[in-house]
Amino acid sequence: MSFLLAHLSDAHIGPIPRPNLHELLGKRVTGYVNWLYKRAGQHDMGVLARLVADMRAQQPDHVLMTGDIVNIGLPAEIALARDWLETLGAPESVSFTPGNHDAYVADVTAVVHEAFAPWTRGETPATGFPYLRRRAGVALIGLDSGVPTAPFVASGRLGDAQLAALGALLEQSRAESLTRVVFLHHPPHVGGARVLRGLDDAAAFEAVIARHGAELILHGHNHKPSVAYIPTPQGQAPVVGVASASAKPGGHYPAAAYNLYAIERAGEGLKVTLRRRELDETGQVVEKSVETLR
């Protein structure tokens, strides 16, 4: 069995449509100012388009987009982001999970869930998170860590219900001999992000993985590539972060990139190879590194 999985995150689709005064109440004020004077100069939709074109040329079997598809959660932003998500592929071939910018204010969370429902639909009658999609011997398990927070706070949380359901899905998938890929927005390991930016219940997530295992865990949020590991009953589960998909080269964060994972099973053996493709200084997407994760 061979399966090619693409992973991108933090597209921050822009520019932000001009909000009205009512829409700028609360946290959106600081977010909009941040966009005008900082983020608008860091994220480029031309960069994003080149990255997506290169990703599609690799012909992945499935695409994961791990959140922060918008900036301050305006309804007009969500409509633009939905149109963009459609360019990645059909909902059956693309899976999405929200980030903190997609849950920027409390009243937008339900709108985001409804707008992106085709890309978060699992295989059971129940809706919501976590969801499970089976694809060619792989179990794709999506979690939602995006929750509304106070200004200048970008942390996430899964909650007891999601964590309990995650454990059940991991056990079910293990019993079916599936390769289990868990994905969410926030880095789910302890120490994975700065104060006020991490996953509040990272220790509880680690405990679930330590108990039930997983073969691969993917996230975004930090706008930079990273690899960490969580101990499991079967060894070490790689936890891989990816750079923003729209970051300009030479900026505050690493240049735009996406990850490709070649998942290969032969009998009881499993090999997972990570290829990172990144925009270089000339505007070309190049293979930056290749790493065997397991």
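The values are calculated or read from the model by the stated rules, or taken from the named source; none is laboratory data. Keep in mind it's a predicted model, so treat the numbers as computed, not measured. Don't worry about glycine lacking a Cβ; one is built from the backbone with ideal geometry, like all the others, and counts go over all protein chains shown.
Observations, loosely collected:
- Qualifying residue in segment 204-227 (condition: within 30 Å of residue 38 (Cα to Cα) and among the aromatic types (Phe, Trp, Tyr)): no
- Residue in segment 244-258 that is farther than 27 Å from residue 41 by Cβ and either without any contact (Cβ under 8 Å) to a residue 12 or more places away in the chain or not in a loop (DSSP other than H, G, I, E, B) (or both) present: no
- Tally of residues being farther than 22 Å from residue 55 by Cα and among the small types (Gly, Ala, Ser) across segment 222-250: 3
- Test: residue 102 is buried (at least 24 other Cβ atoms within 10 Å of the Cβ), in a loop (DSSP other than H, G, I, E, B) and of a type in the set (Asp, Glu): no
Residues are listed down the side, and each one gets a yes or a no for (1) among the acidic types (Asp, Glu); (2) out of contact with any helix residue (DSSP H, G or I) (no Cβ under 8 Å at 6 or more places or on another chain); (3) on the phi > 0 side of the Ramachandran plot:
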position: 210; (1), (2), (3): no, yes, no
position: 232; (1), (2), (3): no, no, no
position: 238; (1), (2), (3): no, yes, no
position: 250; (1), (2), (3): no, yes, yes
position: 253; (1), (2), (3): no, yes, no
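- Being surrounded by fewer than 19 Cβ atoms within 10 Å (Cβ to Cβ) and of a type outside the set (Phe, Trp, Tyr) is a property that holds for residue 87.
- Test result for residue 54, surrounded by fewer than 24 Cβ atoms within 10 Å (Cβ to Cβ) and modelled with pLDDT of 95 or more: yes
- When residues of segment 177-203 are limited to those that are farther than 25 Å from residue 253 by Cβ and surrounded by fewer than 17 Cβ atoms within 10 Å (Cβ to Cβ), the one modelled with the lowest pLDDT: 177
- Any hit, segment 205-216, residues being surrounded by fewer than 19 Cβ atoms within 10 Å (Cβ to Cβ), touching a residue at least 12 places away in the same chain (Cβ under 8 Å) and hydrophobic (A, V, I, L, M, F, W, C): yes
- Screening the candidates 290, 227, 239, 286 for the property of being buried (at least 20 other Cβ atoms within 10 Å of the Cβ), touching a strand residue (DSSP E or B) at 6+ places or on another chain (Cβ under 9 Å), in a strand (DSSP E or B) and among the hydrophobic types (A, V, I, L, M, F, W, C) yields one hit, 239.
- The residues of segment 174-187 that are part of a loop (DSSP other than H, G, I, E, B) and either closer than 17 Å to residue 149 by Cβ or among the aromatic types (Phe, Trp, Tyr) (or both), listed by number, are 184, 185, 186, 187.
- Unmet criterion (only one of (1) more than 18 Å from residue 5 (Cα to Cα); (2) at pLDDT 95 or above; (3) not in a loop (DSSP other than H, G, I, E, B)) for residue 114: (2)
- Some residue of segment 134-153 being assigned to a helix (DSSP H, G or I) and under 22 Å from residue 180 (Cβ atoms): no
- Looking across 40, 49, one residue alone is outside any strand (DSSP E or B), without any contact (Cβ under 8 Å) to a residue 40 or more places away in the chain and surrounded by 15 or more Cβ atoms within 10 Å (Cβ to Cβ). It is 40.
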